[in-house]
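Worksheet: the structure to be examined is printed underneath.
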Amino acid sequence: MAYKVPFVDPRTHYLTLKQEIDSAITGCLSQGDLVMRRQLREFEANLAAFVGVRYAVGVNSGYHALHFSLLGAGVGPSDEVITVGHTFVATVSAIVHCGATPVLIDVRKDYNMDPDHLEAKITPRTRALMPVHLNGRVCSMDRILAIAQRHGLAVVEDAAQSLGATYMGRKAGSFGTAGCFSFYPFKILGGFGDGGAVTTNDPTVARMATLLRYNGEDRETGEYHHHGYTALLDNVQAAVLDVKLRHLVRWIEHRRTIAERYRQGLESIPELKLPHFGEQEQQDVFQNYVVRTKRRDALRQHLTASGIETLVHWPKPMWCHTGLRLTDPGLPETESICREVVSLPMSAETTQEHVDLTVRAMREFFQMTNDE
Ligand SMILES: Cc1ncc(COP(=O)(O)O)c(C=O)c1O
């Protein structure tokens with residue numbers, strides 16, 4: 001179905017940047033720069049500078065950024081890692097694939113880790129905390145870091161959705177032992193396939209990710225230090241991401257403008273909770289514009305019928321997927337979020353007209369008139 005208001009618009013995205021992207025790609029192809037060449041190193045250096053850390057290591061997905069960061073932080077069998085129940089499944093799978101046990105806690109009203117629940121879950125087996133900066137908003141890192149320090153734990157930030165977001169002026173991915181980013185095509189910085197990066201100030205973590213992404217081999221010496229993986233960020237992909245990184249600050253500003261327009265159009269609807277949680281400490285980048293209502297499914301149907309594309313992340317808690325073999329941690333906030341949230345169109349290509357059409361359809365659904 002062709003939507004009047006698409007959730008994202010990769011075609012327009014490409015056409016807007018066509019010249020720059022095409023020239024980055026043909027630059028790689030015509031020089032034969034395909035694997036771990038200059039373009040990858042330049043992107044990593046630019047990403048590290050943007051996030052404010054010493055190292056960035058490109059990998060083939062956000063998932064592998066998480067997995068390698070955990071391994072680099074020393075997580076292994078018999079360890080426990082505390083993270084949230086309301087996240088993409090890859091966060092938890094990365095813990096499981098280290099042989100460790102994920103311990104899931106609940107989130108706050110802003111969809112991020114609730115530090116009040118952390119200490120009760122720490123045991124002698126706990127090795128790391130994994131806050132997830134969801135929807136483009138950084139967790140309360142001062143409290144999380146203080147708890148980690150008190151208990152001698154590593155902190156691996158899942159920053160897949162929050163490149164450029166800040167907390168007390170510092171960027172997501174610069175607080176913990178490691179930060180993990182995803183360049184899945186619809187992320188705020190998206191490639192033309194999946195990609196990811198580990199950011200860190202710790203040379204040991206950076207080296208671990210560098211070895212693991214290439215089958216454990218040190219390319220300088222040819223020595224295999226670990227049984228690794230085939231998980232490189234392709235050079236062509238890095239060249240495209242480097243082009244896009246130059247536009248990121250402008251895109252973030254655009255997302256904030258779009259979010260503000262949604263707020264103005266929707267804040268008077270009593271049945272709706274909007275994702276504006278205060279900007280004193282956090283400066284959000286609105287990877288997703290998530291609204292919450294008890295009538296979510298009916299609202300979604302109405303929006304679809306009105307030609308507006310929406311998404312739900314995630315309609316059921318991950319422990320309800322029996323194949324994942326997770327025990328029900330009993331997280332009431334996560335459960336009600338799964339029933340109530342819907343994400344509205346939000347991307348660098350979302351226009352004010354898209355927002356106005358969406359707002360109009362939503363007000364229609366809630367039977368509000370514009371002059372109320
Ligand atoms: C919160 C979160 N964590 C991890 C990931 C995994 O990233 P990728 O899809 O690049 O493996 C994603 C991406 O969808 C995500 O949103």
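The values are calculated or read from the model by the stated rules, or taken from the named source; none is laboratory data. Because the structure is a prediction, the values reported are computed rather than measured. Positions of Cβ are generated from backbone atoms using ideal geometry, with glycine treated the same way; all protein chains shown enter the neighbour counts.
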### Residues that are buried (at least 24 other Cβ atoms within 10 Å of the Cβ) and either among the acidic types (Asp, Glu) or within 12 Å of the ligand (Cβ to nearest atom) (or both), drawn from segment 140-165
156, 157, 158, 159, 160, 161, 162, 163
### Task
Kindly establish whether residue 117 is within 16 Å of the ligand (Cβ to nearest atom) and under 26 Å from residue 274 (Cα atoms).
no
### Query
How many residues does segment 101-117 hold that are assigned to a loop (DSSP other than H, G, I, E, B) and surrounded by 21 or more Cβ atoms within 10 Å (Cβ to Cβ)?
2
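Residues that are within 30 Å of residue 19 (Cα to Cα) and either within 16 Å of the ligand (Cβ to nearest atom) or in contact with a Lys or Arg (Cβ under 8 Å, 6 or more places away or on another chain) (or both): does segment 209-231 have at least one?
Quick first cut of segment 209-231, residues within 30 Å of residue 19 (Cα to Cα) only: 231.
Checking which are either within 16 Å of the ligand (Cβ to nearest atom) or in contact with a Lys or Arg (Cβ under 8 Å, 6 or more places away or on another chain) (or both) leaves us with 231.
Looking through segment 209-231, at least one residue is within 30 Å of residue 19 (Cα to Cα) and either within 16 Å of the ligand (Cβ to nearest atom) or in contact with a Lys or Arg (Cβ under 8 Å, 6 or more places away or on another chain) (or both).
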### Summary
Flagged pairs (Cβ under 7 angstrom, 6 or more apart or on separate chains; first in segment 307-327, without any contact (Cβ under 8 Å) to a residue 12 or more places away in the chain; second of a type in the set (Lys, Arg) and away from the ligand (no atom under 15 Å from the Cβ)) are none
### Task
Residue by residue through segment 31-54, note down the ones that are crowded, with 17+ Cβ neighbours inside 10 Å, acidic (Asp, Glu) and assigned to a helix (DSSP H, G or I).
44
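So that you can scan it fast, the table gives a plain yes or no per residue for (1) at pLDDT below 95; (2) out of contact with any helix residue (DSSP H, G or I) (no Cβ under 6 Å at 6 or more places or on another chain):
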| residue | (1), (2) |
| --- | --- |
| 273 | no, yes |
| 276 | no, no |
| 279 | yes, yes |
| 295 | no, yes |
| 308 | no, no |
| 311 | no, yes |
| 325 | no, yes |
### Summary
Considering segment 55-80, residues that are assigned to a strand (DSSP E or B) and away from the ligand (no atom under 14 Å from the Cβ), and then whichever is nearest to residue 245 (Cα to Cα), we arrive at 56
## Note on the structure
So, first residue at pLDDT 95 or above in segment 64-82, second residue of a type in the set (Ser, Thr, Tyr) and away from the ligand (no atom under 16 Å from the Cβ), Cβ within less than 7 Å, six or more apart or across chains; the pairs are 72/204; 73/177; 80/101; 80/123; 80/126; 82/126
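Do we find that residue 89 is of a type in the set (Val, Ile, Thr), in contact with a His (Cβ under 9 Å, 6 or more places away or on another chain) and either away from the ligand (no atom under 16 Å from the Cβ) or in contact (Cβ under 8 Å) with a residue 12 or more places away in the chain (or both) in this structure?
In short, yes.
Table: residues versus (1) at pLDDT 95 or above; (2) within 21 Å of residue 166 (Cα to Cα); (3) in contact with a Ser or Thr (Cβ under 8 Å, 6 or more places away or on another chain).
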{"residue": "196", "(1), (2), (3)": "yes, yes, yes"}
{"residue": "199", "(1), (2), (3)": "yes, yes, yes"}
{"residue": "223", "(1), (2), (3)": "yes, no, no"}
{"residue": "247", "(1), (2), (3)": "yes, yes, no"}
{"residue": "251", "(1), (2), (3)": "yes, yes, no"}
### Query
Just one of the numbered conditions (1) crowded, with 16+ Cβ neighbours inside 10 Å; (2) more than 30 Å from residue 273 (Cα to Cα); (3) within 16 Å of the ligand (Cβ to nearest atom) is not true of residue 28; which one?
(3)
### Summary
When residue 90 is run through (1) under 23 Å from the mean Cα position of the chain (by Cα); (2) within 19 Å of residue 127 (Cα to Cα); (3) part of a loop (DSSP other than H, G, I, E, B), the failure sits at (3)
## Note on the structure
Of 304, 358, the only residue that is touching a Pro at 6+ places or on another chain (Cβ under 8 Å) and not in a loop (DSSP other than H, G, I, E, B) is 358
### Task
Considering (1) within 11 Å of the ligand (Cβ to nearest atom); (2) more than 24 Å from residue 210 (Cβ to Cβ), say which one residue 168 fails and leave the rest.
(1)
### Members of segment 1-24 that are surrounded by fewer than 16 Cβ atoms within 10 Å (Cβ to Cβ) and assigned to a helix (DSSP H, G or I)
10, 11, 12, 14, 15, 16, 18, 19, 20, 22, 23
### Task
Would you confirm whether any residue within segment 354-370 is under 22 Å from the mean Cα position of the chain (by Cα) and not aliphatic (A, V, I, L, M)?
no
#### Entry: Restricting segment 227-262 to residues that are outside any helix (DSSP H, G or I) and loosely packed, with under 13 Cβ neighbours inside 10 Å, the residue that is nearest to the chain's Cα centre (by Cα)
246
